[in-house]
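Heads up: the structure comes next, in structure tokens.
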Amino acid sequence: MVTEEQVRKALRKVKDPELNIDLVVLGLIYDVKITDSTVDVTMSLTSPACPVAGQIIDQAREAVEGVEGVERANVELTFSPPWTPDRIPPMIRSALGL
């Protein structure tokens, strides 16, 4: 059975191209739901105007579909609530000067 931990580990391979930090550490992954071999991910972006939004969403879906036992991944984009740097762990935020 697929676990949320496996999914989040796969999503750590996908990095925000501007910050070069993975989606999980940035706090962009809002929710992961697993139903049998289907995974639904709700995520956000650092900006609603992100010029590479489609590419990041595709990379996230491909990363999740690469997890053993996952047959289908759906990645939904949301901006509710809007992402803020507060979603980044404090130590990393400090290292980034945020």
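The values are calculated or read from the model by the stated rules, or taken from the named source; none is laboratory data. Note that the structure is a prediction, hence the values are computed from the model and not measured. Reconstructed Cβ throughout: ideal geometry from the backbone, glycine too, with neighbour counts over all protein chains shown. Accessible surface is based on the protein model in full, side chains and every heavy atom, while ligands, DNA and RNA are left aside. Shrake-Rupley method; radii C 1.70, N 1.55, O 1.52, S 1.80 Å.
Labels on offer are [x] 2, 14, 26, 24, 18, 10, 4, 1, 0; [y] 2, 10, 14, 14, 10, 9, 11, 10, 8, 7, 4, 2, 1, 0; [z] 3, 13, 26, 28, 20, 8, 2, 1, 0, and the one holding P(r) over Cα pairs in 5 Å bins from 0, in percent computed from this structure is [x]. To the nearest Å, what is the center-to-center distance of the stretch 50-98 and the stretch 22-41, using C-alpha atoms only? Going from one Cα centre to the other spans 8 Å. Along the stretch 46-63 the Karplus relation, 6.51 cos²θ - 1.76 cosθ + 1.60 evaluated at θ = phi - 60°, assigns HN-Hα couplings of 5, 8, x, 9, 4, x, 10, 3, x, 5, 5, 4, 4, 5, 5, 4, 4, 5 Hz to successive residues, with x for each Gly and Pro.
Solvent-accessible surface of protein heavy atoms, probed at 1.4 angstrom with all chains present, puts Asp36, Asp16 in the order Asp36, Asp16, largest first. Evaluated with a Cβ-only charge set (Lys, Arg +1; Asp, Glu -1), the chain carries a dipole of roughly 320 debye about its Cα centre, given to the nearest 20.
Based on DSSP, what percent of beta bridges with both residues in the chain are antiparallel, to the nearest 5? Please report the intermediate quantities before stating the final value.
On the way: 8 of 14 bridges.
Just about 55 percent of them are antiparallel.
Sites listed here are GluC sites (Glu not before Pro) in the stretch 1-56 whose DSSP assignment is loop and whose Cβ has at most 12 other Cβ atoms within 10 Å: Glu18. Once C-alpha pairs closer than 8 Å and six or more residues apart are averaged by separation and normalised to the residue number of the chain, the relative contact order reads 30 percent. Applied to the stretch 68-83, the Karplus parametrisation 6.51 cos²θ - 1.76 cosθ + 1.60 on θ = phi - 60° returns per-residue 3J(HN,Hα) values of 4, x, 8, 9, 8, 10, 10, 10, 10, 9, 9, 10, 10, x, x, 5 Hz, with x for Gly and Pro. Explain nothing, just compute: Karplus ³J(HN,Hα) = 6.51 cos²θ - 1.76 cosθ + 1.60, θ = phi - 60°, for every residue of the stretch 89-98 in order, whole Hz, x for Gly and Pro. Here the 3J(HN,Hα) series is x, x, 5, 6, 4, 5, 5, 7, x, 9 Hz. A simple spin-label model places pseudo-atoms 7 Å from Cα toward Cβ; at Thr35 and Phe79 they are separated by 2.7 nm.
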